[in-house]
Every structure is written in C-alpha cells, then in structure tokens.
Amino acid sequence: VYGTSPNVVYFITDPDCPHCKKAESILDKLVKEGKLTVKVILLPLEILHPDAKAKAVSLVCNKKGFKELMEGYKSSNQCKTGKKKIEDNINFLLNELKISATPTFIFPDGEMKTGVLSENYVIGKFNPTN
C-alpha cells in the first residue's frame, strides 16, 4: 500500500513492464500530492518478462514497496512465502479475474481498465463532478 488518501485504486503490475513504469510515475505523482492511495498487486508475466517473477518474489520477501518497484528492485531472496504469494496472485488474476495484461487498474466502482491511464482519468474516478 502506497499513500494515505481515502481514494484507493488497485494497480496490477509486472515489475518489468515498460507501460507499467509510465503508469507508476503518474500514480507516484498523485500519491505525493495526497490525492490517491495505491494498492499494488504484482502479476509477473514471465512469457514477456523472464526476470519479472524473481523480482516480484524478492519485493515480497524483502518487504519492499512502491519506490523499490519503480526502481526495478531485485534480490536473490526467493523465500517460500514470497513464491506462494506471487503464484497465488498469478492464479487468481489470470484464472479468476481473467486479467492477462499489465498495467490494469481496478477502481472502487468495480471498473477494470488496462493500459496507461491519464492522471485526469484516474483522479476523475474519485471526483466525478470535475
């Protein structure tokens, strides 16, 4: 979880996804402005990014956050807990929610949207009158 705003968005991301990196910088700005809280869910898509799963596992194992995700953090720590958490994410997101691309956003109204979203779109989900 990154941020303390009551406006919460779930951000499904792959640590090595170039489009996710663009989205991360937009989200980072909104969090720093106090406008958003981001709940990150890691979904490494190994077929596209062979190193992403190891990065995702090490982020979980070493209890790293959004800053380290943005920086491409990776360690050799591949703990059982981290591996299970990432496997559970992959199974749930791919099989239950049918999410197969990153970045994907899930908003409080239930909308799931894939792709890099504009700052105005994201914040507009919380301030519909603007």
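The values are calculated or read from the model by the stated rules, or taken from the named source; none is laboratory data. The model shown is predicted, which means the values in this text are computed figures rather than measured ones. Glycine also receives a Cβ, built like all others from the backbone with ideal geometry; neighbour counts cover every protein chain displayed. We work out accessible area using only protein heavy atoms, side chains counted, and drop any ligands, DNA or RNA first. Shrake-Rupley method; radii C 1.70, N 1.55, O 1.52, S 1.80 Å.
Structure notes:
- Relative contact order [Cα under 8 Å, 6+ residues apart], the chain, whole percent: 30 percent
- Look at where the Cα atoms of region 1-61 and of region 66-120 average out, and the two centres are 7 Å apart.
- Residue (of 36, 25, 56) at the positive-pole extreme of the chain, dipole from beta-carbon charges: 56
- Taking the protein heavy atoms of region 34-130 in the context of the full set of protein chains, the accessible area attributed to carbon and sulfur is 52 percent at 1.4 Å.
- Antiparallel bridges, percent of DSSP beta bridges restricted to the chain (to nearest 5): 55 percent
- Nearby lysines by direct alpha-carbon distance to residue 63 (threshold 21 angstrom, same-chain neighbours under 8 apart not counted): 21, 32, 39, 53, 55, 74, 80, 83, 84, 85
- Counting every alpha-carbon pair across region 64-130, the share separated by more than 17 Å comes to 61%.
- Taking each residue as 0.36 nm, the span from residue 39 to residue 25 lengthens on full extension beyond its C-alpha to C-alpha distance by 3.6 nm.
- Accessible area per residue, Å², region 34-120 with all protein chains present, probe 1.4 Å: 56 Å²
- For region 1-73, the fraction of C-alpha pairs more than 16 angstrom apart is 44%.
- Highest-fluctuation residue, 29, 21, 39 considered, GNM on the chain with Cα pairs under 10 Å: 29
- Accessible area, probe 1.4 Å, largest first, for residues 46, 111: 46, 111
- Nonlocal amide H pairs with residue 8, under 5 Å, H built at 1.01 Å: 37
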